[in-house]
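J.: Structure below; questions to follow.
The values are calculated or read from the model by the stated rules, or taken from the named source; none is laboratory data. Keep in mind it's a predicted model, so treat the numbers as computed, not measured. Here the Cβ positions follow ideal geometry from the backbone for every residue, glycine too, while neighbour counts run over all protein chains shown. Ligands, DNA and RNA are stripped out before the accessible areas are found, and what is left, the full protein with its side chains, is counted by its heavy atoms. Shrake-Rupley method; radii C 1.70, N 1.55, O 1.52, S 1.80 Å.
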Number of protein chains: 2
Amino acid sequence: MNPIKPGVAKSSARTSVLSDETYGKIKEMIVKYEISPGSRVNIDALSLQLKTSQTPIREALARLESDGLIKKEPLKGYSATNLLTLEEFHDLFQFRLLIEPWAAEQAAKRITTEGKRILNLEMKSTMKTLKQKSVDEFKSLTEHDARFHKLISQLSGSKSVESAFERTHCHLHLFRLYMAHRLHLIENNSRAKFVEGLFEQYYQNGSGQLAIIEHSAISNAIIDGDSKAARASMHSHIQSSLKRFSTSVE
Amino acid sequence: MNPIKPGVAKSSARTSVLSDETYGKIKEMIVKYEISPGSRVNIDALSLQLKTSQTPIREALARLESDGLIKKEPLKGYSATNLLTLEEFHDLFQFRLLIEPWAAEQAAKRITTEGKRILNLEMKSTMKTLKQKSVDEFKSLTEHDARFHKLISQLSGSKSVESAFERTHCHLHLFRLYMAHRLHLIENNSRAKFVEGLFEQYYQNGSGQLAIIEHSAISNAIIDGDSKAARASMHSHIQSSLKRFSTSVE
DNA sequence: CATGTTGGAATCGTATAGGATTCATCAAAG
DNA sequence: CTTTGATGAATCCTATACGATTCCAACATG
């Protein structure tokens, strides 16, 4: 006879984007190797861990599958995708080579005062951060790298290019390879050499920051409105990365 | 002690890809204008209509949102995205201009006997279909167009390019615009002119099939292994489409 | 006429039960 | 001892009911 049911969860102040939050959390778990490549993803376990029901988990996993970060096998369940093979990595960089130089070119053509400000801020704050060696240098660099390339894709003014770049999740894949290396999970020799190439992309001779130098060139060209130089410098930036990988493996 | 369970052969033969099926069905509903642009998408109604529970619907909608075909507003629900604006359309074609000529070039470089066979088959069967005027000509043409461009993206050998092209859903957007026109849903004048340009992409002077002619040039170049010609013809194919739209609007 | 309140409708998230399938273990036969 | 088949547990997938929150619109009041 009691109309009020006790024991109902109190959870209030819900912003109601729970499935979005869940998406971000699971994605972060993948990046941070809490979900290792190829391993199974258990829905029940996740719902316990994230303290949510299955529905948001399923929605998040569906989106992640669409992103190519999670694989769904019809009657077996979900699992994280494997690390990129060399071929896939090469393919990914080839794709970046198609769209990013164009994006840089467009960014130079369309650059505004506000755009210059943001671009300058990104470069300056990164250099400042790198001066104080206390933090994980590689982490700072890759995070800057992700922000930088995303920013340029946005400055291109093309939603298609921006979202296509976003969906490559290239920095996520890079970071996952980096984590695999740190955790000594890469036994294959050629793969190990490949990851060494990954480091070389960011460090030059173990001292300077190669990426920052190349990024500066791109950034300056865009701010100067020099579209040809912007395209060329972005092209050589990606090209040289790709070449470094290729030579370190082959 | 009968080990054989009776009544098992009930609903077997379940391929258990119900959420995938649902995804396809909803997508088809969007293309076919059963779900009109901008309108709300009710989960309960869909589950009734498709005779399934809410869970597969939710997963499908999450994927469709990731595809940009469905929009999710936090506490209001799902709705179909609007028709492409002129700017978005221009942007989309600009993106195709970035990746498809490259795809055609690569296809010409990598073409195999099997690839030639498939490409020839696509062209021949389409021409044959168009000879018998009984069917909806526009429908046949757009379906061929979708298959043709997808095929070339596959022949490029780049998974990144293939999936990036796939995710543009460009033919879905085209067909939706076409449907909007047929249903007299486009009142705006410039929008109407725009759709007229859409028709011109496929029909030349109301008689010949422009797309088929241009496709033949591309197809021949690929089969001949002439990568330069393949790139050039694909570029001009997309470029001229884009130009036709621009002039018909401006 | 404008504004605040209140009620219903719709949607989101939760919880739970049960059918279906896969995987691994184990027993039996050759 | 090896191979084959069956049994049971774990997991996935579906279905359904319910509570909580928010939006929308009608209504009353100053």
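J.: What number of residues within the stretch A:41-68 satisfy the criterion of being within 11 Å of chain B (Cβ to nearest Cβ) and under 24 Å from the mean Cα position of the chain (by Cα)?
T.: Selection size over the stretch A:41-68: 13.
Conditions tested, residue by residue: (1) modelled with pLDDT of 85 or more; (2) among the basic types (Lys, Arg); (3) surrounded by 12 or more Cβ atoms within 10 Å (Cβ to Cβ); (4) within 16 Å of DNA strand C (Cβ to nearest atom).
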| position | (1), (2), (3), (4) |
| --- | --- |
| A:Met1 | no, no, no, no |
| A:Ser19 | no, no, yes, yes |
| A:Tyr23 | yes, no, yes, yes |
| A:Asp44 | no, no, no, yes |
| A:Ile57 | yes, no, yes, yes |
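J.: Scanning for something open to solvent by less than 10 Å² (accessible area, probe 1.4 Å), more than 20 Å from the chain's Cα centre (by Cα) and closer than 30 Å to A:Ser153 by Cβ, does the stretch B:113-128 turn up at least one residue?
T.: No; the residues of the stretch B:113-128 include none that is open to solvent by less than 10 Å² (accessible area, probe 1.4 Å), more than 20 Å from the chain's Cα centre (by Cα) and closer than 30 Å to A:Ser153 by Cβ.
J.: Considering each of B:Leu92, B:Leu61 in turn, give the residue that is modelled with pLDDT of 90 or more and crowded, with 19+ Cβ neighbours inside 10 Å.
T.: B:Leu92
J.: With (1) closer than 17 Å to B:Thr168 by Cα; (2) open to solvent by 70 Å² or more (accessible area, probe 1.4 Å); (3) more than 13 Å from chain A (Cβ to nearest Cβ) as the list, and B:Glu87 as the residue in question, which single condition is left unmet?
T.: Among (1) closer than 17 Å to B:Thr168 by Cα; (2) open to solvent by 70 Å² or more (accessible area, probe 1.4 Å); (3) more than 13 Å from chain A (Cβ to nearest Cβ), the lone unmet condition for B:Glu87 is (3).
J.: Tell me which residues, restricted to the stretch A:152-166, are in a helix (DSSP H, G or I) and within 7 Å of chain B (Cβ to nearest Cβ).
T.: A:Lys159, A:Ser160, A:Val161, A:Ala164
J.: Could you tell me whether A:Leu75 is away from every other protein chain (no Cβ under 14 Å), at pLDDT below 85, open to solvent by 20 Å² or more (accessible area, probe 1.4 Å) and farther than 22 Å from A:Glu143 by Cα?
T.: Taking the combined requirement at face value, the residue does not satisfy it.
J.: Kindly provide the set of residues from the stretch A:90-121 that are of a type in the set (Asp, Glu) and in contact (Cβ under 8 Å) with a residue 40 or more places away in the chain, ordered by number.
T.: A:Glu100, A:Glu105
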